[in-house]
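The numbers here are math on the coordinates, done by the rules we state, and not lab data. Note that the structure is predicted; figures quoted are calculated from it, not measured. Heads up, the Cβs are rebuilt from the backbone with ideal geometry, glycines too, and the neighbour counts pull from every protein chain shown.
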Amino acid sequence: MSVLRASIAPALLAALVIGAGGYYLAGRGQGPIIDIVQPQKLLGRAGTLAVTIDTPEGQLGSATISLEQGGASQQLFVLGPSAEATVTQESPSRIRITRPIGKESAPALEAGPATIVVTATRSVFFGLRTIESRERRDLIVRLEPPRVAIVSTHHFVNHGGAEFAVYRVTPPDVESGVQVGDERYPGYPAGGIPGAGLASDPSLRVAFFALLPEQDLGTPISLYARDEAGNEGTGSFDFRVFPRLFTRSRIEVDDRFLARVVPAIARSTPELGLGTPEGDDLVPAFLKINGELRRMNAETIRGLAAKTAPEVLWRGAFQQLGSSQVESMFADHRTYFYRGQEIDQQVHLGFDLAVTANVPVKAANSGTVVFAGELGIYGQTVVIDHGMGVQSLYAHLSSIDVAVADRVEKGHVLGRSGMTGLAGGDHLHFTMLVHGRAVNPVEWWDAHWIDDRVTRKLREASGAAGPSTRP
Ligand SMILES: [Zn+2]
């Protein structure tokens, strides 16, 4: 017996040592990689929990997610069939777990701190050992919707025009603005208006908004505020809407016009897939340009709103192109005819201003160039950002003298007028934009309008916001 033991013992010992080493090394391997994608900071009434678990070095053994608050723990997820959670396989080794999270799905939740804990394991060493990963996310449960209340008075909205509101939002770190029907116009800290004396109150916000020509006169307008947890607050305010008569006009499209504009636009916009249209292809190509390209260009213009500065860069009334003749009114409803047949209808969102050919086109107000180049139906185009979502657009230019990121003062020459893009002759197509939507520029050319709609409200707000010296 002792002989046998003596001969076996070293081998057994070696096996045990190797086994223990393997067991030990396996335990030092890579555990599942957990990422709590959302929520990041706040939890509210109704939100979404999203967690990914990646196990590149083997199979996921178990996964649990729980929500801890005040010493109590509530299980949100355990790997296996689940009614509330959705599990999707994102890659051969990674799953994504999503489910509702918040007061509605966890009624015991109370305002204050809470923690999400995610645990995941994978088994190693022939299933004898597991490696566990754990990830925590500390959150604040906020169940109160943000509050938003109007400060400014007398809001007059012209159909197709813009307006301005001063309001207060608490807590100040939430997203807020003015909602007009389905359109949202974000607000900015009032301290971003130089000289308005509103910088001392962090809860004061200002927002430019508009009632678009295609929106109904009865479209609801209100303030909104929304926090990261999905809590939403709204605030109503008094406003009056004034109807405007939009003009209608008839545009004759002839072969000469088509032969000049259609091939040029087809060349500069290869993404439309028009090739080199000629002859009978010109009318269908024109319709695609007038419809699809017009919509694509509107999207590009909308996208420029994201580049707006959070402070006001302009001062006083905007300048109209010097001694220009207004050729077309804002939101003119146009019906297009070719050889006596109606072929299309579009709304013209801008002003056409004509002087003579190749006149210098000047910045209507101070700001920063956010677009300078070819823009489909608009041809050679410049867009200037004036801050807080207000921008101006200059189209059909024959040449451009500025570049993106240039700071320009009111009156700075941007380029020369022309007839590039979808233009029947040399003219400047000009429009004002509020958060990427075209609005009637007439208001912005009018110093009285600016004083009544903007400056008056800032004056009144600074009187209300400043430290009171009255007894
Ligand atoms: Zn135009």
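Key figures
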quantity: GluC sites (Glu not before Pro) lying in DSSP loop within the stretch 107-159, provided at most 13 other Cβ fall within 10 Å; calculated: Glu110
quantity: Counting DSSP beta bridges with both ends in the chain, the antiparallel % (nearest 5); calculated: 90
quantity: Anisotropy class of the stretch 112-266 from Cα gyration tensor, a/c 1.5 cut; calculated: oblate
quantity: Antiparallel %, DSSP beta bridges [both residues in the stretch 225-352], to 5; calculated: 65
quantity: Order of Asp35, Asp426 - criterion: other Cβ atoms within 10 Å of each residue's Cβ, fewest first; calculated: Asp35, Asp426
quantity: Partners for Lys457 among lysines (Cα-Cα distance below 26 Å; same-chain residues under 8 apart left out); calculated: Lys307, Lys410
quantity: Dipole of the chain, positive end: most advanced residue of Gly367, Val206, Asn440 [Cβ charges, Cα centre]; calculated: Val206
quantity: Stretchable slack from Asp254 to Ala149, in nm (0.36 nm times residue separation minus alpha-carbon distance); calculated: 32.4 nm
quantity: Rg [Å, one decimal], Dmax [Å, integer] - the stretch 306-384, C-alpha atoms; calculated: 16.0, 51
quantity: Distant-in-sequence amide H partners of Glu175 (H built 1.01 Å from N, under 5 Å); calculated: Arg226
quantity: Among Tyr378, Phe286, Phe257 the positive-end extreme of the charge dipole of the chain (Cβ point charges); calculated: Tyr378
quantity: Gap separating the Cα centres of the stretch 394-421 and the stretch 257-322, nearest whole Å; calculated: 15
quantity: In the stretch 360-460, trypsin sites (Lys or Arg not before Pro) in a DSSP loop with at most 14 other beta-carbon atoms within 10 Å; calculated: none
quantity: Residues Trp444, Trp314 arranged by fewest to most Cβ contacts within 10 Å; calculated: Trp314, Trp444
quantity: Within the stretch 40-157, percent of DSSP bridges classed antiparallel, to nearest 5; calculated: 95
quantity: Pair Asp401, Gln341: separation of 7 Å Cα→Cβ label points (nm); calculated: 4.6
quantity: Cα gyration tensor shape of the chain, rounded if a/c is under 1.5, else prolate or oblate by comparing a/b with b/c; calculated: prolate
quantity: Cα-centre dipole for the chain with unit charges at Cβ (Lys and Arg positive, Asp and Glu negative), debye to 20; calculated: 1180
quantity: Simple Cβ-charge dipole of the stretch 334-403, Lys/Arg +1 and Asp/Glu -1, about Cα centre, in debye nearest 20; calculated: 120
quantity: Charge dipole (the chain, unit charges on Cβ, about Cα centre) - positive-most of Ala395, Thr431, Thr64; calculated: Thr64
quantity: Label-point gap, in nm, between Ala108 and Asp173 - each point 7 angstrom along Cα→Cβ; calculated: 2.8
quantity: Cα-projected label distance for Gln75 with Thr300, points at 7 Å along beta-carbon direction, nm; calculated: 5.6
quantity: If the convex hull is drawn through the Cα atoms of the stretch 406-469, its volume per residue in Å³; calculated: 168
quantity: Whole-Å distance, taken between Cα centres, linking the stretch 113-158 and the stretch 35-79; calculated: 9
quantity: Cα-based shape type of the stretch 226-280, given that a ≥ b ≥ c are square roots of the gyration tensor eigenvalues and the cut on a/c is 1.5; calculated: oblate
quantity: Ser392, Ser236 arranged by Cβ crowding within 10 Å, fewest neighbours leading; calculated: Ser236, Ser392
quantity: Restricting the stretch 50-132 to chymotrypsin sites (Phe, Trp or Tyr not before Pro) in coil, as DSSP defines it, with at most 15 other Cβ within 10 Å; calculated: Phe126
quantity: Estimated FRET transfer efficiency when R0 is 60 angstrom, pair Thr234-Leu128 (beta carbons, to 0.05); calculated: 0.55
quantity: Computed magnitude of the charge dipole of the stretch 367-471 (debye, nearest 20; Cβ of K, R +1, Cβ of D, E -1); calculated: 420
quantity: Long-range HN-HN contacts of Asn231 with modeled amide H, under 5 Å; calculated: Arg45
